[in-house]
Amino acid sequence: MGPREAGVGAALLLLLAGCGTAGPDVAAPRPPAPALTAATTPPPATTPSAPADDGGPAGPCTGDTLDVSATAPRTDGPAAVADLVFRNTGSAPCMLDGYPGVAFVAGNEGTRVGPRAAIDGPRARVRLAPGAAATAPLRVRATTSYPEADCVPEQARGLRVAPPGGSGGTFVPRPGPVCSADPAPPQATVGSVAAR
């Protein structure tokens, strides 16, 4: 090989060697792509619900937030027994304490007939959440189970019921004969409230 060919070969080697080195123009490696994060799902929409009973203090149940009714009477010997039902129609809890006040009433004016129902059984208290109900048993002996002179029957339209430990009163239909006197044993007895 002549000197000219040797020079050309050396130049080629230098040129090839220069192509293999990284110069300042070489781009820096790209940073790794950020990891994918899970998409957050918004919480499901809530629907309005009944007010919760937080267990705080509760006032007495009053007539304007209390629905009062009676179940159909069932026969028990010489008496008919029905449950008085007290349902809280208000938006806050209330308290029933003890025995409802119950009296027979007659006429359009709601005139009381005979004595109030006597109380019977142990006393109890019931906290009524909104929409909840409690009951109290009402036992009424038939007028025919007394001598007429001791009973003095009269026609009643229904009952006037005051909530246990509360205020107000509600008319509950219960037509039929009742004693206008005060016979023994009492014609009507009412028990304390109990949770339904």
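So for the range 58-74 (the condition being in contact with a helix residue (DSSP H, G or I) (Cβ under 7 Å, 6 or more places away or on another chain), surrounded by 10 or more Cβ atoms within 10 Å (Cβ to Cβ) and modelled with pLDDT of 55 or more), does at least one residue qualify? No, every residue in the range 58-74 fails to be in contact with a helix residue (DSSP H, G or I) (Cβ under 7 Å, 6 or more places away or on another chain), surrounded by 10 or more Cβ atoms within 10 Å (Cβ to Cβ) and modelled with pLDDT of 55 or more.
Listed by first and then second residue, the pairs linking a residue in the range 139-161 that is within 19 Å of ARG74 (Cα to Cα) and touching a residue at least 12 places away in the same chain (Cβ under 8 Å) to a residue that is of a type in the set (A, V, I, L, M) and surrounded by fewer than 17 Cβ atoms within 10 Å (Cβ to Cβ), with Cβ atoms under 6 Å apart and 6 or more places separating them unless they lie on different chains, are ARG139/VAL81. Every test in (1) at pLDDT 95 or above; (2) out of contact with any Gly (no Cβ under 9 Å at 6 or more places or on another chain) is passed by GLY107 save one, and that test is (1).
Scanning the range 73-127 for residues that are over 29 Å from the mean Cα position of the chain (by Cα) and either farther than 29 Å from CYS151 by Cβ or not in a strand (DSSP E or B) (or both) turns up GLY77, PRO78, GLY107, ASN108, GLU109, GLY110, GLY114, PRO115, ARG116, ALA117.
Residue count for the range 144-193 satisfying the condition of being surrounded by fewer than 21 Cβ atoms within 10 Å (Cβ to Cβ), assigned to a loop (DSSP other than H, G, I, E, B) and hydrophobic (A, V, I, L, M, F, W, C): 3. Quick one: would you say ALA70 is of a type in the set (A, V, I, L, M, F, W, C), closer than 22 Å to GLN155 by Cα and over 30 Å from the mean Cα position of the chain (by Cα)? In short, no.
The values are calculated or read from the model by the stated rules, or taken from the named source; none is laboratory data. Just so we're clear, the structure is a prediction, and the values are computed from it rather than from any experiment. Because the Cβ atoms are built from the backbone with ideal geometry, glycine has one as well, and the counts that use them run over all protein chains shown.
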